[in-house]
């Protein structure tokens with residue numbers, strides 16, 4: 001048989017999929033006996049379909065794909081949780097297999113989607129939702145399942161890693177580096193999903209769900225982005241032997257799942273410190289395998305399309321052989337989410353304060369009153385003549401106490417100028 | 001149903017598998033619905049089986065496993081190509097699924113084994129044969145199949161990487177560091193398979209076969225080990241901005257498959273330069289995904305057992321659902337092996353020569369006569385008073401010409417003392 005495919009979305013990733021399909025369709029048949037045929041392509045822009053030689057398959061109505069009884073498999077590549085939700089759930093309800101790159105959808109509606117796939121006796125595959133082309137979901141759902149996974153963490157957002165890398169290496173201020181990332185197409189016009197950490201949060205929710213066999217959704221993830229990080233913070237990190245990365249972190253603890261995204265100082269000798277630009281790297285630690293790491297390009301047409309088409313081939317292989325879904329939802333346990341307040345770690349805190357006598361002492365007093373013990377304080381000038389940076393590094397402290405101290409500082413009259421920069425230190 | 005398993009081999013890896021089985025058997029059922037039961041354990045040493053609480057399942061006759069009609073799946077962990085060959089082929093002929101960690105067997109008898117599995121309608125799985133617990137075979141056989149892979153290369157032998165790391169960081173001579181590796185259990189009493197590169201060669205043969213969809217066997221791999229590498233070479237590499245690693249390399253070229261194992265200088269800024277000790281790292285480059293890297297512990301009870309038991313669970317999942325083998329042999333093409341003579345690269349060559357006037361000039365002349373252009377020559381003392389090291393670095397040269405020059409030098413009277421050290425330079 002030939003597996004008949006409908007593709008929705010002909011942007012960057014969709015275009016990459018069409019390229020792979022056009023180039024390697026015959027190879028798939030020869031090497032793996034997998035015979036796929038694209039029969040319908042949906043997007044808002046016919047020119048995109050035509051540019052990849054599939055103009056004759058074009059429709060702008062996704063219903064023509066999900067309602068077409070000939071189609072076995074639907075690829076959803078438009079992203080987001082609106083129309084994409086209708087397409088994915090509609091296709092599953094119509095008994096079609098689905099491959100998606102949609103992290104936001106999987107991190108918010110994963111349970112509903114798995115349930116629908118289960119009811120219909122079909123599969124949902126989403127390797128491309130995390131880490132671009134890096135095989136990470138498949139290894140975690142297959143090769144590593146003999147382990148109890150204790151943590152999964154890493155750099156999963158290429159945009160912010162690109163920005164941090166350039167701020168670090170070239171000292172370019174945040175606003176400029178963001179504008180540059182937007183000009184290069186690495187960041188969207190509205191950069192919120194990337195710079196505020198939500199993209200990374202969706203990805204770590206997906207990875208944590210698989211790693212710990214327990215559903216973690218986007219809203220479970222404590223998320224902070226990189227808006228308050230400036231070259232001065234990266235330089236200060238260097239001086240202490242650290243590098244700043246936006247890490248997505250999930251730990252299995254005795255209390256439950258500790259899952260968060262935030263700028264993090266890691267030792268400059270750590271492998272992750274050398275993952276630069278739009279590259280991604282994900283560490284998985286298991287009780288038998290120890291520490292493993294998966295590295296590669298986290299974004300881009302080719303890498304993401306590699307993952308999408310890998311899923312398409314895997315699923316098609318099983319459709320052709322009439323095999324029922326082998327792996328569905330694996331969230332069999334119900335682990336609680338550990339409140340962020342319970343976190344205990346060292347903190348780097350940069351406050352911009354008025355340049356006058358007594359401010360440093362007053363700030364130090366607030367930390368002391370909140371049981372936050374300081375390891376070092378440095379005072380450095382800012383571009384403004386009447387403001388200075390106070391850079392504090394704490395000993396191990398409770399998140400709750402840090403939050404309270406920062407609230408007290410914000411409430412104090414004539415103390416903080418703008419938002420403080422908070423970077424957690426992981427050794 | 002319950003999948004009934006027979007295990008052959010209770011050494012390091014077999015013991016690791018028993019630990020995982022004892023610890024997580026119930027988790028496998030709860031999380032994945034995979035119900036496995038160990039029903040027979042074979043080895044030469046009953047005490048090993050008893051130590052893991054499975055003395056009551058012991059036999060010292062593997063025929064009791066491969067001839068037992070109740071057993072669905074056989075795990076072979078004794079290694080080598082003798083008895084292991086009989087066990088694996090015997091089990092397949094008896095219609096049993098097989099999981100093995102045996103790289104030597106897969107790299108020499110892979111085709112025969114796949115044919116037998118195919119005839120019997122069962123599967124052979126061998127993730128643990130390469131890279132310890134690092135998922136690499138599964139990602140290459142599944143996630144990455146939408147790519148044409150152009151190269152697969154990396155550090156795949158933990159023993160030699162441990163030795164090179166210690167020679168590099170601590171300047172310990174080869175013989176001492178080998179004795180240390182043997183004392184620590186990282187190297188066998190007969191270290192040939194590791195230090196002469198055969199273990200790495202078997203692994204790259206397996207990886208190349210999968211990557212290029214073309215059978216590559218052990219004898220296809222041009223193999224050189226690290227016996228002639230000394231701390232002086234590692235120091236010279238550092239001075240030039242390089243690190244020496246035993247790399248296993250396979251490239252798809254227009255002429256066919258270029259596959260080899262040899263000590264290699266790589267820039268000290270490359271990620272692989274920071275893979276130290278018994279860790280392994282494997283790079284896979286595909287036309288869509290770009291460069292991906294897989295990292296982890298390359299050896300040890302836990303990591304190897306993680307991979308073996310991962311395979312056991314995957315295969316068991318399909319046995320339980322009555323699913324026919326989904327992926328068999330994928331070597332559908334017949335690419336030629338590129339002769340090593342055709343290689344063109346830069347070379348680091350260290351010759352030990354008598355300490356007398358004119359030797360450097362005479363050696364340089366031999367290179368010149370063989371069309372080998374020199375980039376630099378350094379003369380350094382040795383421990384012996386009457387011998388010196390001549391360290392040559394060439395411009396890009398042909399392997400054939402280098403070989404001829406070294407032959408000429410060896411044939412010249414009173415020139416070479418001992419074997420030259422040859423390290424290829426990859427930029």
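The values are calculated or read from the model by the stated rules, or taken from the named source; none is laboratory data. Source: prediction; values computed, not measured. When we count neighbours, we look across all protein chains shown, and the Cβ atoms used for this are built from the backbone with ideal geometry, even at glycine.
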Could you tell me whether residue A:314 is assigned by TED's automatic domain parsing to the domain that holds residue A:24, over 17 Å from the mean Cα position of the chain (by Cα) and within 19 Å of residue B:135 (Cβ to Cβ)? yes
Name the single residue that is farthest from the other protein chains (Cβ to nearest Cβ) among those in segment B:327-339 being closer than 18 Å to residue B:219 by Cα and surrounded by fewer than 17 Cβ atoms within 10 Å (Cβ to Cβ). B:339
Flagged in segment B:171-218 as surrounded by fewer than 19 Cβ atoms within 10 Å (Cβ to Cβ) and in contact (Cβ under 8 Å) with a residue 40 or more places away in the chain, in numbering order, are B:171, B:172, B:173, B:174
Go through segment A:363-375 and give me each residue that's in a loop (DSSP other than H, G, I, E, B) and surrounded by fewer than 17 Cβ atoms within 10 Å (Cβ to Cβ). A:371, A:373
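Any residue in segment B:281-291 that is closer than 21 Å to residue B:125 by Cβ and not assigned by TED's automatic domain parsing to the domain that holds residue B:72?
Step one: filter segment B:281-291 for residues closer than 21 Å to residue B:125 by Cβ, giving B:282, B:284.
Filter once more, so that each one left must be not assigned by TED's automatic domain parsing to the domain that holds residue B:72: B:282, B:284.
Within segment B:281-291, one or more residues are closer than 21 Å to residue B:125 by Cβ and not assigned by TED's automatic domain parsing to the domain that holds residue B:72.
Every residue, every condition in (1) farther than 15 Å from residue B:155 by Cβ; (2) surrounded by fewer than 24 Cβ atoms within 10 Å (Cβ to Cβ); (3) within 13 Å of the chain's Cα centre (by Cα), yes or no:
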| position | (1), (2), (3) |
| --- | --- |
| B:256 | yes, yes, no |
| B:271 | no, yes, no |
| B:281 | no, no, yes |
| B:286 | yes, no, no |
| B:289 | yes, no, no |
| B:293 | no, yes, no |
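What number of residues within segment A:354-389 are over 36 Å from the mean Cα position of the chain (by Cα) and farther than 21 Å from residue A:343 by Cβ?
Taking segment A:354-389 as the starting set, the residues that turn out to be over 36 Å from the mean Cα position of the chain (by Cα) are A:354-362, A:365, A:369, A:385-386.
Retained after the next criterion (residues that are farther than 21 Å from residue A:343 by Cβ): A:354-362, A:365, A:385-386.
The total comes to 12.
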Could you go through segment B:191-209 and let me know if any residue there is closer than 20 Å to residue A:28 by Cα, modelled with pLDDT of 95 or more and within 14 Å of chain A (Cβ to nearest Cβ). yes
Out of all the residues in segment A:340-362, is one or more in a loop (DSSP other than H, G, I, E, B), modelled with pLDDT of 95 or more, more than 14 Å from chain B (Cβ to nearest Cβ) and surrounded by 13 or more Cβ atoms within 10 Å (Cβ to Cβ)? no
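Yes/no per residue for (1) touching a helix residue (DSSP H, G or I) at 6+ places or on another chain (Cβ under 8 Å); (2) modelled with pLDDT of 95 or more; (3) away from every other protein chain (no Cβ under 14 Å); (4) within 27 Å of residue B:285 (Cβ to Cβ):
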| position | (1), (2), (3), (4) |
| --- | --- |
| A:233 | no, yes, yes, no |
| A:250 | yes, yes, yes, no |
| A:271 | yes, no, no, yes |
| A:274 | yes, no, no, yes |
| A:288 | yes, yes, no, no |
| A:301 | yes, no, no, yes |
| A:305 | yes, yes, no, yes |
| A:309 | yes, yes, no, yes |
Quick check: anything in segment B:155-162 in contact with a strand residue (DSSP E or B) (Cβ under 7 Å, 6 or more places away or on another chain) and not assigned by TED's automatic domain parsing to the domain that holds residue B:271? no
Only one of these is touching a helix residue (DSSP H, G or I) at 6+ places or on another chain (Cβ under 8 Å) and at pLDDT 95 or above: B:425, B:327, B:372. Name it. B:372
Go through the residues of segment A:37-52 one by one and say whether even a single one is away from every other protein chain (no Cβ under 14 Å), buried (at least 19 other Cβ atoms within 10 Å of the Cβ) and part of a helix (DSSP H, G or I). yes
Only one residue in A:9, A:15, A:55 is away from chain B (no Cβ under 14 Å) and touching a helix residue (DSSP H, G or I) at 6+ places or on another chain (Cβ under 7 Å), so which one is that? A:55
Which is free of Cβ contacts under 8 Å to residues at least 40 places away in the same chain and closer than 20 Å to residue A:237 by Cβ, of A:357, A:377, A:352, A:393? A:377
Looking only at segment B:311-326, how many residues end up being within 8 Å of another protein chain (Cβ to nearest Cβ) and assigned to a loop (DSSP other than H, G, I, E, B)? 4
Answer yes if at least one residue in segment A:79-96 is more than 14 Å from chain B (Cβ to nearest Cβ) and in a strand (DSSP E or B), and no otherwise. no
For residue A:302, indicate whether it is within 22 Å of the chain's Cα centre (by Cα), in a strand (DSSP E or B) and under 27 Å from residue A:143 (Cα atoms). no
Among (1) in a helix (DSSP H, G or I); (2) in contact with a helix residue (DSSP H, G or I) (Cβ under 9 Å, 6 or more places away or on another chain), residue B:64 falls short only on (2)
Every residue in segment A:142-160 that is more than 9 Å from chain B (Cβ to nearest Cβ) and either within 30 Å of residue B:33 (Cα to Cα) or surrounded by fewer than 24 Cβ atoms within 10 Å (Cβ to Cβ) (or both), please. A:149, A:150, A:151, A:152, A:153, A:154
Do we have any residue at all in segment B:262-269 that's outside any strand (DSSP E or B), within 14 Å of chain A (Cβ to nearest Cβ) and in contact with a strand residue (DSSP E or B) (Cβ under 9 Å, 6 or more places away or on another chain)? yes
